[in-house]
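See below for the structure under consideration.
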Amino acid sequence: MALPVFSRAIKIAPSILSADFANFGAECRAIEDQGADWVHVDVMDGHFVPNLTFGPATCAAIRPHIQGVMDVHLMIAPVDAYIDAYAQAGADVITAHLEAGPHIHRTLQAIRNTGKKAGLALNPGTGIDAVAHLLDTVDLICVMTVNPGFGGQKFIHSQVDKVRSLRAMIGDRPVHIEIDGGVTVETAPLVAAAGADVLVAGSAVFKGGSVADPAPYGANIAAIRKAAEAAV
Ligand code: DX5
Ligand code: ZN
């Protein structure tokens, strides 16, 4: 599915990094049934980040189980050689890390040339001045609020000011601000108030639930959404 018309309404994007790796298709169906807006897919190469998850084949396998937006986060370097594979696997958004290589403008152009939405992820140590000349080449900027590689980490509060400054820099351009890492009912309002609209949450969504008992997924998603919307 292509992205719906641009909106800054709060969207909850559970990360399947916290899902049951033996049951991805059922987990994607469960989180969407329980209210997920996007499905966040964390691709890790064991080189750009100290963890290894899955590749294009897994993304293609889960695509039929996702009715909504498949939001692929590439924590890989180099990235350009793999963009087509993730586009063909069915990603709707393909996000590359600014830190993954020397030619980020070309990477974003390559993503857009596949017809997909282009995302740009910034590690906690990367300042927003790095995106000043890219605002018309991206559809989403992902502000990492943990150091990438693992779920269940602690939210890095210093990034909230970065979100606020980024929101001002974006102005009325149709560019999503996505927050990734340590999003909970406590931290969601902070980033929503600062101007974020896509909230990735892995451990905070999957905690307490399972494919057999998905109701906690719905309660967790609803609680994060409610906390974020109350702050906007
Ligand atoms: C970390 C990933 C995040 C992570 C979020 O490198 O990019 O998407 O899965 O997990 P939580 O929400 O548990 O911090
Ligand atoms: Zn991610």
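In this structure, Val131 does not satisfy being within 16 Å of ligand 2 (Cβ to nearest atom) and either open to solvent by 10 Å² or more (accessible area, probe 1.4 Å) or at negative phi (or both).
Give me the residue from the stretch 200-219 that is more than 11 Å from ligand 1 (Cβ to nearest atom) and in a helix (DSSP H, G or I) and, out of that set, surrounded by the most Cβ atoms within 10 Å (Cβ to Cβ).
Tyr217
Against the definition (buried (at least 18 other Cβ atoms within 10 Å of the Cβ) and either at pLDDT 95 or above or within 14 Å of ligand 2 (Cβ to nearest atom) (or both)), how does Ala228 come out, yes or no? Here the answer is yes, as Ala228 does meet what is asked. Annotation for the stretch 142-161: no member residue is away from ligand 1 (no atom under 16 Å from the Cβ), within 18 Å of the chain's Cα centre (by Cα) and under 21 Å from Ala2 (Cα atoms). Restrict the check to the stretch 180-195 and report whether at least one residue is outside any helix (DSSP H, G or I), more than 16 Å from ligand 1 (Cβ to nearest atom) and surrounded by fewer than 24 Cβ atoms within 10 Å (Cβ to Cβ). Yes, there is a match, as at least one residue in the stretch 180-195 is outside any helix (DSSP H, G or I), more than 16 Å from ligand 1 (Cβ to nearest atom) and surrounded by fewer than 24 Cβ atoms within 10 Å (Cβ to Cβ). Any residue that is open to solvent by 30 Å² or more (accessible area, probe 1.4 Å) and within 16 Å of ligand 1 (Cβ to nearest atom) - is there at least one of those in the stretch 3-18? The answer is yes, given that some residue of the stretch 3-18 is open to solvent by 30 Å² or more (accessible area, probe 1.4 Å) and within 16 Å of ligand 1 (Cβ to nearest atom).
The set of residues in the stretch 19-31 being hydrophobic (A, V, I, L, M, F, W, C), in contact with a Ser or Thr (Cβ under 9 Å, 6 or more places away or on another chain) and open to solvent by 40 Å² or more (accessible area, probe 1.4 Å) consists of Phe21 alone.
The set of residues in the stretch 17-36 that are within 15 Å of ligand 2 (Cβ to nearest atom) and closer than 26 Å to Ala231 by Cβ comprises Leu17, Ser18, Ile31, Ala36.
Taking the residues in the stretch 164-179 that are assigned to a loop (DSSP other than H, G, I, E, B) and more than 17 Å from the chain's Cα centre (by Cα) as candidates, determine which candidate is surrounded by the fewest Cβ atoms within 10 Å (Cβ to Cβ). Of everything passing the filter in the stretch 164-179, Asp172 is surrounded by the fewest Cβ atoms within 10 Å (Cβ to Cβ). Just one of the listed residues (Leu108, Leu140, Leu98, Leu134) is touching a residue at least 24 places away in the same chain (Cβ under 8 Å), in contact with a His (Cβ under 8 Å, 6 or more places away or on another chain) and within 26 Å of Gly202 (Cα to Cα), namely Leu140. Filtered by the rule that a residue be over 18 Å from Val143 (Cβ atoms), among the β-branched types (Val, Ile, Thr) and not in a helix (DSSP H, G or I), the stretch 1-31 gives a lone residue, Val5.
Assessment of the stretch 16-24 against the conditions (acidic (Asp, Glu) and closer than 24 Å to Asp213 by Cβ) yields at least one matching residue.
Filtering Ala81, Ala61 for residues that are farther than 27 Å from Ser210 by Cβ and either touching an Asp or Glu at 6+ places or on another chain (Cβ under 9 Å) or of a type in the set (Gly, Ala, Ser) (or both) leaves a single hit, Ala81. Being away from ligand 2 (no atom under 13 Å from the Cβ) and surrounded by fewer than 15 Cβ atoms within 10 Å (Cβ to Cβ) is a property that does not hold for Gly101.
For the stretch 138-163, which residues satisfy the criterion of being surrounded by fewer than 18 Cβ atoms within 10 Å (Cβ to Cβ) and either of a type in the set (Lys, Arg) or more than 16 Å from ligand 2 (Cβ to nearest atom) (or both)? Correct list: Lys154, His157, Ser158, Asp161. Say whether the condition of being away from ligand 1 (no atom under 16 Å from the Cβ), under 18 Å from His73 (Cα atoms) and out of contact with any Gly (no Cβ under 6 Å at 6 or more places or on another chain) is met by at least one residue in the stretch 120-129. Checking the stretch 120-129: not a single residue is away from ligand 1 (no atom under 16 Å from the Cβ), under 18 Å from His73 (Cα atoms) and out of contact with any Gly (no Cβ under 6 Å at 6 or more places or on another chain).
The values are calculated or read from the model by the stated rules, or taken from the named source; none is laboratory data. Everything numeric in this text was worked out from a predicted model, so none of it was measured. Cβ: placed from backbone, ideal geometry, glycine included. Neighbour counts: every protein chain shown. Ligands, DNA and RNA are stripped out before the accessible areas are found, and what is left, the full protein with its side chains, is counted by its heavy atoms. Shrake-Rupley method; radii C 1.70, N 1.55, O 1.52, S 1.80 Å.
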